[in-house]
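In what follows, a structure is listed as structure tokens, so that the remarks can point back to it.
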Amino acid sequence: MHLDDGYEIDCVQKGRRLGLACGDRVRATVAPGGGVIEAVLPRTSLFLRADAFQQQAIAANVTQVIAVVAPDIAVDEYLLNRWIIAAELEQCRFVLVANKRDLASFDAFRERLRFYEDLGYGVVELAAHENVTPLEPQLAGRHTVLVGQSGMGKSTIVNGLAPGAAARTGTISEALGAGRHTTTVSTLYRLPLLDDAWIVDSPGVKAFGLAHAEPTHIALAFVEMRPYLGNCRFRDCRHLHEPGCAVLAAGERIAPQRLALYQALLDESERARAVN
Ligand SMILES: Nc1nc2c(ncn2[C@@H]2O[C@H](COP(=O)(O)OP(=O)(O)OP(=O)(O)O)[C@@H](O)[C@H]2O)c(=O)[nH]1
Ligand SMILES: [Mg+2]
Ligand SMILES: [Zn+2]
């Protein structure tokens, strides 16, 4: 745990039920040789994934979500869009990192990311194993969580930013065998040169449920839907098949895969509420 005056100490938790997440601010009693975490202070945001039955906190008090993609691994855009929505739900800034720009396939890959720029999200190109400085201006004064499929280069980025970090990196096949991930827990790294900045390296995931999202908040998390919300005939319109729905009337101005994601998320959230 980092103390407000800059010192770092080892701590134990008082009880096991505090539910600490990476990035939490806590109240602790400090004694020589260690400390005891007494309570978790209120969070400004909580980046988490959830299905109907369980939740997994990834990082607390985050102000920015950065998703990492690269041309040598098939990008799951369904997953990528879920991270965007997760960021918007927590009112976090979202940025995309296009990593491994040293690879020959990069240029064609980069074209495909224009869709996200058109939505309004920044894209930063990087060759993380050579130089991460293009990312630094995005990180100053922000609390960032890095997300991405396994092997995209998240831990490589963290090692470049915080040279003492020594986060494990590796190709999936050589490091731990097919299907295993190099990073297995979320870890927070402070970036002392970047003015109140920290970054959380998270393990690559294959699924990212958003069952915790309030049904009424989901449409607002789709930036391109916002101009139409409020113009539907029914005030409680769910934008599924209601007559006079302004979102559905927008037609091709909302990409079909984003509308499909909206409908899937609404379904996920409503089902979870029916279970609980
Ligand atoms: N060519 C190239 N390889 C890179 C670059 N950045 C990272 N790599 C390689 O990509 C592989 C995966 O990198 P990691 O940083 O471990 O990926 P990760 O996203 O942390 O993966 P998980 O921890 O499994 O989620 C490693 O072999 C890195 O050396 C880059 O800019 N160019
Ligand atoms: Mg990693
Ligand atoms: Zn509607």
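Every read-out reported here was derived from the displayed coordinates using simple, explicitly stated rules and does not represent laboratory data. Because the structure is predicted, anything quoted here is derived from the model rather than measured. Virtual Cβ from ideal backbone geometry, glycine too; neighbours counted across all protein chains shown.
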Subject >> ³J(HN,Hα), Karplus 6.51/-1.76/1.60, whole Hz, each residue of region 103-115, x for Gly, Pro >> reply: 7, 5, 7, 5, 4, 5, 4, 4, 4, 5, 8, 4, 3
**OP:** Please report, in debye to the nearest 20, how large the charge dipole of region 215-275 is about its Cα centre when each Lys and Arg carries +1 at its beta carbon and each Asp and Glu carries -1 there.
**Re:** 120 debye
Original post:
Using the alpha-carbon atoms, what tilt in degrees (0 to 90, nearest 10) does helix 256-275 show relative to the longest principal axis of the chain?
Top reply: 70 degrees
Original post:
If you put +1 on each Lys and Arg Cβ and -1 on each Asp and Glu Cβ, how big is the dipole of the chain around its Cα centre, in Debye rounded to 20?
Top reply: 640 debye
**OP:** Give the cross-link partners of Lys206 among the lysines, using a straight C-alpha distance below 27 Å as the criterion and excluding same-chain residues fewer than 8 apart.
**Re:** Lys100, Lys154
**OP:** Let me know the shape class of region 46-201, please: from the alpha-carbon gyration tensor, a ≥ b ≥ c as square roots of the eigenvalues, rounded when a/c is under 1.5, otherwise prolate if a/b is greater than b/c, or oblate.
**Re:** rounded
**OP:** Mind checking which aspartates and glutamates have their Cα closer than 17 Å to the Cα of Lys14? Skip sequence neighbours fewer than 8 apart in that chain.
**Re:** Asp24, Glu38
Original post:
Percentage of Cα-Cα pair distances in the chain greater than 29 Å, rounded to whole percent?
Top reply: 38 percent
**OP:** Provide the FRET efficiency to the nearest 0.05 for the Ala166-Gln257 pair, computing r from the beta carbons and using R0 = 35 Å.
**Re:** 0.35
Original post:
Going by how many other Cβ atoms sit within 10 Å of their own, how do Cys92, Cys11 line up, fewest first?
Top reply: Cys11, Cys92
Original post:
Going by average Cβ neighbours within 10 Å, how do the peptides 148-155, 68-75, 112-119 rank, with the highest at the top?
Top reply: 148-155, 68-75, 112-119
Subject >> Highest to lowest packing among 130-138, 217-225, scored as the average C-beta count within 10 Å >> reply: 217-225, 130-138
